[in-house]
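> This is the structure I want to talk about, given as structure tokens.
The values are calculated or read from the model by the stated rules, or taken from the named source; none is laboratory data. Quantities reported herein were computed from a predicted structural model and do not represent experimental measurements. So basically every Cβ, Gly included, is an ideal-geometry build from the backbone, and we count neighbours across all protein chains shown. What goes into the accessible areas is simple: the full protein's heavy atoms, side chains included, and nothing from ligands, DNA or RNA. Shrake-Rupley method; radii C 1.70, N 1.55, O 1.52, S 1.80 Å.
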Amino acid sequence: MKIGGTHYRSVWPVGEDAFGIIDQTKLPHEFVTLTLRDAEAAANAIVTMQTRGAPLIGAVGAYGLALAVRDDPSDDYIQKIVEMLAETRPTAINLKWALWRMRGVLLNQPHDKRAALAWKEAALIADEDVAMSQAIGRNGLAIIRDIAEKKNGQTVNILTHCNAGWLATVDYGTALAPIYLAHDQGIALHVWVDETRPRNQGASLTAFELGSHGVAHTILADNAGGHYMQAGQVDMVIVGTDRVTANGDVANKIGTYLKALAAKDNNVPFYVALPSSTIDWTLESGADIPIEQRSPDEVLRMSGRLPDGSVTVVEIAAPGSGAANPGFDVTPARLVTGFITERGTCAATPEGLRSLFPETQD
């Protein structure tokens, strides 16, 4: 994807001793990149959400571990860094998946070869993520094209929640990848963008992406989606996910469950787009997914641009009030029309998932 005509990935190597990211906390008001030079900086970037999105933080974690191996390639130190990075975001399984993969590649190798192997494997994880996103885009495109044909070329209205575009992956995205491909092929589209309180990833990041790509879109208050579904102005909902369990339950940004309920009540198809690295085969259901509890300040305060162009943080709640801030909720599989993965589409059931990933069967 491009910003101002220049192609960017969301993470990239800087020489062989650092890597770069986009500081997503500055968007959409400023475009700032950061250079990270050690695992601690990578961990901080993930915790503060300077870098975010389940697939992307997997790649960032891999690069962070690769830098740590340069300092100390011992088994004990690798395990220490794996555990440290894994704790930064407990809900998204992609981070642990990438770290465990890196650890598996490194531990049986000679110490003097581990640094080079780690850097190579981190780059491979990033490249594979791009390929999976492209494939998700192609598979989701078929669904959008079918809706467009049934509407005889009228505009296809799609609602999405949070940000599951190229800023949440290494490139292309998950839920937004089919939208970009459909737009590029000339299909008439309009995207309803949930603001996605409290961090506003929809209003700030998804809208930034869609605007940069020329996709028609409108930002909605989070509570407005059901209204537009009732009015027949939503043809499909498509979201990303941070973890899918073996039975098809979906953990995604808080508020996703409510959109799935509204979609079910109004017979609107509700799709979840994900790479295989987001499937947690070790958990039987969504009840087992750890839900990250984030700072109350995200609810009580908001950043924005002032008339003079400066950006500041303001308090928006009654002084002295507390706030609860779960980062995610779980959408039961029964509310999901289907999954869009790099291997194709399937029903949100254990059988559907295993039809695409038969190697996971016992």
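> In segment 221-231, what count of residues is obtained for those that are touching a residue at least 24 places away in the same chain (Cβ under 8 Å) and either touching a helix residue (DSSP H, G or I) at 6+ places or on another chain (Cβ under 7 Å) or assigned to a loop (DSSP other than H, G, I, E, B) (or both)?
4
> Could you figure out which of (1) over 26 Å from GLY173 (Cβ atoms); (2) open to solvent by 60 Å² or more (accessible area, probe 1.4 Å); (3) not in a helix (DSSP H, G or I) isn't true of ALA287?
The number of the failed condition is (3).
> Sticking with this one: State which residue is modelled with the highest pLDDT when the search covers only segment 267-276 and only residues that are within 15 Å of the chain's Cα centre (by Cα) and open to solvent by 10 Å² or more (accessible area, probe 1.4 Å).
Out of the qualifying residues, it is TYR271.
> So, in segment 220-251, of the ones that are of a type in the set (S, T, N, Q) and open to solvent by 10 Å² or more (accessible area, probe 1.4 Å), which residue ends up farthest from ASP329 (Cα to Cα)?
Selected residue: GLN233.
> Take the conditions within 24 Å of ILE93 (Cβ to Cβ), at pLDDT 95 or above and in a helix (DSSP H, G or I) and apply them to LYS264. Does it pass?
no
> May I ask you to list the residues in segment 297-346 that are under 23 Å from ILE238 (Cβ atoms) and either open to solvent by 50 Å² or more (accessible area, probe 1.4 Å) or at pLDDT below 95 (or both)?
Matches in segment 297-346: ARG334, THR337, ARG343, THR345.
> Among the listed residues VAL82, VAL60, which satisfies the condition of being in a helix (DSSP H, G or I), at pLDDT 95 or above and buried (at least 24 other Cβ atoms within 10 Å of the Cβ)?
VAL60
> Scan segment 321-345 for residues that are in a strand (DSSP E or B) and closer than 20 Å to ASP129 by Cα and jot them down.
PHE339, ILE340, THR341, GLY344, THR345 - these are the residues of segment 321-345 that are in a strand (DSSP E or B) and closer than 20 Å to ASP129 by Cα.
> Ok, one more. Do we have ALA123 as closer than 23 Å to THR278 by Cα, in contact with a helix residue (DSSP H, G or I) (Cβ under 9 Å, 6 or more places away or on another chain) and not aromatic (Phe, Trp, Tyr) here?
The answer is yes for ALA123.
> Any residue at all in segment 295-315 that is under 18 Å from the mean Cα position of the chain (by Cα) and aliphatic (A, V, I, L, M)?
So far as segment 295-315 goes, no, none of its residues is under 18 Å from the mean Cα position of the chain (by Cα) and aliphatic (A, V, I, L, M).
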